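What follows is a set of notes on a single structure, which appears directly below.
The values are calculated or read from the model by the stated rules, or taken from the named source; none is laboratory data. Since we're looking at a predicted model, the values are computed, not measured. Backbone-built Cβ (ideal geometry, glycine too); neighbour counts: all protein chains shown.
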Amino acid sequence: MRSVTLLNIYDHPITQKYVRRSGMAHAISVAYHAFHLAKEYHINPDSAAKAGFLHDIGHYEWYRNGEWDYDDYREYDIHPIKGAERAHKLLVRLGEDKRVAKEISHAVLFHTDSALPKGDFQLSTLQHIVHLADEKDKQPGNTHHYRAIDKEKERSLVMELDQKIEALFQKQQMTRKG
Ligand SMILES: [Fe+2]
Ligand SMILES: [Fe+2]
């Protein structure tokens, strides 16, 4: 049993405020990509989906009146840093295991190098996957941040991904027992 589901995260007002700002459709889509990549790379699909879902929760200042200022963004961006902290706070508040919350927070921090010093980082598989998942959903002109779907569809996609994660965990448990 997972102590926190994607639906718990989706329904939280902090998610609705900050994840919606950078695009709920983008967040859900990156969560799905991260889930599939986690299966491929044999890592925990739950942490991957959560990190994918929360990766852009740190966006803020350059978003004004519903529009993004990408000049400001390039100059001043720290969204991975802000996002890592926000995601961690939210997960801990919801009752997530603190080790998992730390791993997810790190994956948010390293999903892009826009706020990191120059250099080569040795990324963990989870961090690498979240970066790849984000890249998979990017669209020309950054339009992925504007893509929208209706809220009922959002919720049902989130619940569907929760079910996929549960099903995978059950299957893994059966294999272990068998
Ligand atoms: Fe990002
Ligand atoms: Fe993104």
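Here are the numbers for this structure:
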quantity	calculated
Hits in region 10-43 (condition: of a type in the set (A, V, I, L, M) and either more than 16 Å from ligand 2 (Cβ to nearest atom) or in a loop (DSSP other than H, G, I, E, B) (or both))	I14, A38, I43
Failed criterion for N142 (all others in (1) farther than 17 Å from K39 by Cα; (2) in a helix (DSSP H, G or I); (3) more than 16 Å from ligand 1 (Cβ to nearest atom) hold)	(3)
Hits in region 81-127 - residues which are farther than 27 Å from M1 by Cβ, away from ligand 2 (no atom under 14 Å from the Cβ) and free of Cβ contacts under 8 Å to residues at least 24 places away in the same chain	P117, K118, G119, D120, F121, Q122, L123
Test result for H55, within 18 Å of V158 (Cβ to Cβ) and within 16 Å of ligand 1 (Cβ to nearest atom)	yes
Every residue from region 130-148 that is under 11 Å from V30 (Cα atoms) and in contact (Cβ under 8 Å) with a residue 40 or more places away in the chain	V130, L132, A133, D134, K136, D137, H144
Options L54, L109, L91: the member that is in contact with a Pro (Cβ under 6 Å, 6 or more places away or on another chain) and at pLDDT 95 or above	L109
Every residue from region 114-127 that is under 26 Å from Y76 (Cβ atoms) and not basic (K, R)	S114, A115, L116, P117, G119, D120, F121, L123, Q127
Complete set of residues in region 145-164 that are of a type in the set (S, T, Y) and either within 16 Å of ligand 1 (Cβ to nearest atom) or assigned to a loop (DSSP other than H, G, I, E, B) (or both)	Y146
Filter result (away from ligand 2 (no atom under 11 Å from the Cβ) and surrounded by 15 or more Cβ atoms within 10 Å (Cβ to Cβ)) within region 44-67	N44, P45, D46, S47, A48, A49, K50, A51, Y60, W62, Y63
Counted residues, region 35-51 - those being touching a Pro at 6+ places or on another chain (Cβ under 8 Å) and among the small types (G, A, S)	1
